[in-house]
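The structure appears right after this line, and notes come after that.
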Amino acid sequence: MPMDAPSSADLDEKYWRELREKSAFAGITLDESISFADFALYGDRIAGRQMDMYRRVGGRPFGEASILDIGCGVGRLLKPFSMHFARAVGVDMNERILDAARDYIGDRVNVELVKNDGRTVPFPDNSFDYVFCGGVLQHVPDIDVIMGYFREGLRVLKPGGVLNYSVMVWMKSRKGGIEGDRVGAKIVASDLEALLNDTGHLLTAIFSDPQDPNPHFQIMLRKSAPFAAALRSIKRRISPFEITPSSVTPMKVRTGTFEDLPSYTKLRAQWASGKRKPVTFFSRPD
Ligand SMILES: C[S@@+](CC[C@H](N)C(=O)[O-])C[C@H]1O[C@@H](n2cnc3c(N)ncnc32)[C@H](O)[C@@H]1O
């Protein structure tokens, strides 16, 4: 690679900066004509769902808990998160997007917005009760960056804390790419298996939302206490752990991520007509 070739992180930053210049909402809505009120409603609904999941798997009570939102964008979800969690921290690698988040969220004493390097999160180990990442990883073309974020999320989680990341199933290539269409790298079961084997933490759930027009799946992990994690990691090395559909706890999704949003007419039409792609998470790499 020539000395001055842009790094993957530079290309990522450029992609999101340009998107931000084109779209008031940095590409996070499916409908460019969406009103500000709809944008807020959309964010509230999705954040509500993510908080519901955290509560259902037994996360620490909101009033004493902290959340880290990785790739927080303009704060669509971080703002509603901050109305429930005692501490709400958003990281994003794009400073201009973080400026927009500052405008959108306004002055809330429990919110921190921090620029990161596109790979790591600048916080000590065991800092957060909930580490969330939504609408980000499906755009990341480098599998090492994606899996690095899983490791980083687990590192900064407190023992007993919950990690919840969403990944789209339309990710086509194993490696992903940034020529033309931006295609996120594909996570397959063995990636997650390796992560769990190494770290000894627990898979809580993998599920997809049947109403989501962009079919994606969510992966929830729970951080184990250090002793339990070390023991599990040793046991798994001796007897490799297989992730099968029966080894995860299915969670029922009530209706759909975007339910009851009457002004989302286009989106609703898309649900009605669109064929869903099957979730192929359990397949092995080619
Ligand atoms: C589609 S937006 C989603 C924003 C927010 N999570 C939401 O759901 O509203 C994706 C955001 O992720 C950020 N992003 C993309 N790749 C990233 C990376 N490798 N590290 C940190 N942030 C990243 C972008 O700058 C952008 O703000």
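Computed from the coordinates by the stated procedures, all read-outs in this text should not be read as laboratory data. Quick caveat: nothing in here was measured; it's all calculated off a predicted structure. Here Cβ is always computed from backbone atoms with ideal geometry, including for glycine, and neighbour counts include all displayed protein chains.
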Next on the checklist: How would MET220, MET83 line up from fewest to most surrounding beta-carbon atoms within 10 angstrom?
Outcome noted: MET83, MET220
Item to check | By average C-beta atoms within 10 angstrom, highest first, the peptides 184-190, 225-231, 100-106 | outcome: 184-190, 100-106, 225-231
Checklist entry - Quick one: VAL89, VAL121, fewest Cβ neighbours within 10 Å first, how do they rank? => result VAL121, VAL89
Checklist entry - What is the calculated FRET efficiency for ASP198 to ASP117, with r their C-beta to C-beta distance and R₀ = 22 Å, to the nearest 0.05? => result 0.50
